[in-house]
Amino acid sequence: MRAVYMYGAGDVRVIDVPEPAIKNPTDAIVRVVRSCICGSDLHPYHRMKPSETGRGMGHEFIGVVEDIGSDVSRVRKGDFVIAPFKYSDGTCEFCQEGLQTSCRHGGGYGEDGPAGQAEFVRVPQADGTLYVVPNNASVHVDGDSKLLPDLLTLSDVYGTGFHAAYKGGAAPGKTVTVIGDGAVGLLAVLSATQLGAEQIILMGRHQTRTNLGKEFGATHVVPERGAEGVEHVKKLTGGDGTHVVIEAVGNEDAYTTGLEILRPGGTFSRVGVPQFKGAPEGFDTLFWKNGTMTGGVAPVRAYIDRLLPAILNGSAHPGRVFDRSIGIEDAPDGYRAMDQRESLKVQLTFP
Ligand SMILES: [Zn+2]
C-alpha cells in the first residue's frame, strides 16, 4: 500500500509499505477514505533530523473497518468510522472521565510503521477508539461525499477547537478572543458561536481565513499583532480584555498576547502545541488577574457525540477549513502548500 513518510525537515515521500495486519486481538484495520495534514505535522517538517528509516505521518482519518481482532466486539467489519488522533481503550478511569488522551493503554498511530496518511491503518484498542457513524447517516456517507470533510474534522481540529472554547467557558454573555486563524482557531470560533458567546474577536491576518472566521461567527477581526493587537482588543472590550482567551498558535508571542488581553477573573485556554519553553508566570500574568489556565491536548473522542449531530443535520460545516483536496501521491506538495500558507488545511483522498 502507499503511505506518507517523513525522512527529515522538508523531506516528505509517498512510499510502498506492507499493508498492516491485526497484531493484537483488540486491533482493527481501517481502510482510509479521507485523511489530512495537521498544522502540527509542520513542526517535524521544519526541524526533523534526517532519518534513514523515516517515520509514518498522519493522525486524522475516517474510513471503513476492513478487519477486526478476536476481542473487538463493538466495532464491526464494514462500519464507517471516525478515528480520533490518539487511540484509547474507552474503559480506564481517564477514559471514563473524558480524558482519553491520558488513557492508560493509549497512544499514537504509526509508532512502529505507517500512520494515518496511508491507505490502511492498524488501530489499536479499536472498541474504545473508533467512533461508528450511526446507521442513519450511512446513506449520506456513502452517497454524499460532501459530508466527508465535515466528519474528518472530528478526528482532530473540530474537537480541538471545541475543547478550547468549552474548557475556556465560552457561553452566553461571555466575550472570547481567539488568537490564530489556522484551522483550530477557526473551529474554536465556530465552537464559541455554538456555545453562545456574545462577542468573538478573532486575531489573524490572513484575510481569506478571517473571512471564514466571520462566517463561523467572529464578531470582530484584529489583524495586528503584539502591542498593537493588544491595544485593538482592549479598545473593543472597554479596556478590560475578554472573559475567555483561546491560544491556538503555540508560540511565545501568542501566549504573551493572550495573557495581556485576558480580562481579570478570565480563563486562558491553550490548544496551540507549545513550541517554546519558559513561559512567563510572574506577578503580572495570571496571578494579578486571578486568571485560570486550562486547555491542553484535546481528548477529541469525548466530544464526537456532542459535535456529530450538527454535522449530520447540515447545520455545521467545519469541513470548510479544507481549502485543498489532493490524492495521497501529491502529499509532499500538500505539506509544501500548508508550510507556505498557500493552503489552510489539506485533505488527502484515496483511489
Ligand atoms: Zn483509557
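The values are calculated or read from the model by the stated rules, or taken from the named source; none is laboratory data. Given the structure is predicted, the values throughout are model-derived calculations rather than measurements. Here the Cβ positions follow ideal geometry from the backbone for every residue, glycine too, while neighbour counts run over all protein chains shown. Side chains are part of the model used for accessible areas, which takes the heavy atoms of the whole protein and leaves out ligands, DNA and RNA. Shrake-Rupley method; radii C 1.70, N 1.55, O 1.52, S 1.80 Å.
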Limited to the range 309-337, what total is found for residues that are within 15 Å of the chain's Cα centre (by Cα) and open to solvent by less than 30 Å² (accessible area, probe 1.4 Å)?
4
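Conditions tested, residue by residue: (1) of a type in the set (K, R); (2) in contact with a helix residue (DSSP H, G or I) (Cβ under 9 Å, 6 or more places away or on another chain); (3) closer than 21 Å to I62 by Cα.
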site: P264; (1), (2), (3): no, yes, no
site: V273; (1), (2), (3): no, yes, no
site: L286; (1), (2), (3): no, yes, no
site: K289; (1), (2), (3): yes, yes, no
site: A302; (1), (2), (3): no, yes, yes
site: P318; (1), (2), (3): no, yes, yes
site: S325; (1), (2), (3): no, yes, yes
site: Q340; (1), (2), (3): no, no, no
site: L348; (1), (2), (3): no, yes, yes
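Quick one: in the range 280-295, of everything that is part of a loop (DSSP other than H, G, I, E, B) and open to solvent by 30 Å² or more (accessible area, probe 1.4 Å), which residue is nearest to Y335 (Cα to Cα)? First the steps, then the outcome.
Within the range 280-295, the first condition is being part of a loop (DSSP other than H, G, I, E, B), and the residues that meet it are 280-282, 290-291.
Checking which are open to solvent by 30 Å² or more (accessible area, probe 1.4 Å) leaves us with 280-282, 290.
Working: P280: 32, E281: 35, G282: 38, N290: 41 Å.
Filtering the range 280-295 for residues that are part of a loop (DSSP other than H, G, I, E, B) and open to solvent by 30 Å² or more (accessible area, probe 1.4 Å), the one nearest to Y335 (Cα to Cα) comes out as P280.
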I need a count of the residues in the range 53-94 that are over 30 Å from R13 (Cα atoms), in contact with an Asp or Glu (Cβ under 6 Å, 6 or more places away or on another chain) and of a type outside the set (V, I, T).
2
Looking only at residues that are part of a strand (DSSP E or B), of a type in the set (D, E, K, R) and in contact with a helix residue (DSSP H, G or I) (Cβ under 9 Å, 6 or more places away or on another chain) in the range 27-57, which one is nearest to T153 (Cα to Cα)?
R34
Check the range 318-327 and report whether any residue there is farther than 21 Å from T256 by Cβ, β-branched (V, I, T) and in a strand (DSSP E or B).
yes
Taking only the range 68-114 into account, find how many residues are away from the ligand (no atom under 11 Å from the Cβ), open to solvent by 20 Å² or more (accessible area, probe 1.4 Å), in a loop (DSSP other than H, G, I, E, B) and in contact with a Ser or Thr (Cβ under 7 Å, 6 or more places away or on another chain).
2
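I'd like the residue in the range 163-196 that is part of a strand (DSSP E or B) and buried (at least 24 other Cβ atoms within 10 Å of the Cβ) and, out of all such residues, is farthest from the chain's Cα centre (by Cα). Let's see the steps before the verdict.
Filtering the range 163-196 down to residues part of a strand (DSSP E or B) leaves 172, 175-179.
Checking which are buried (at least 24 other Cβ atoms within 10 Å of the Cβ) leaves us with 175-179.
Working: T175: 23, V176: 19, T177: 18, V178: 15, I179: 15 Å.
Among them, the one singled out is T175.
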Unmet requirement for R34, which otherwise passes all of (1) open to solvent by less than 50 Å² (accessible area, probe 1.4 Å); (2) more than 24 Å from L307 (Cβ to Cβ); (3) among the basic types (K, R):
(2)
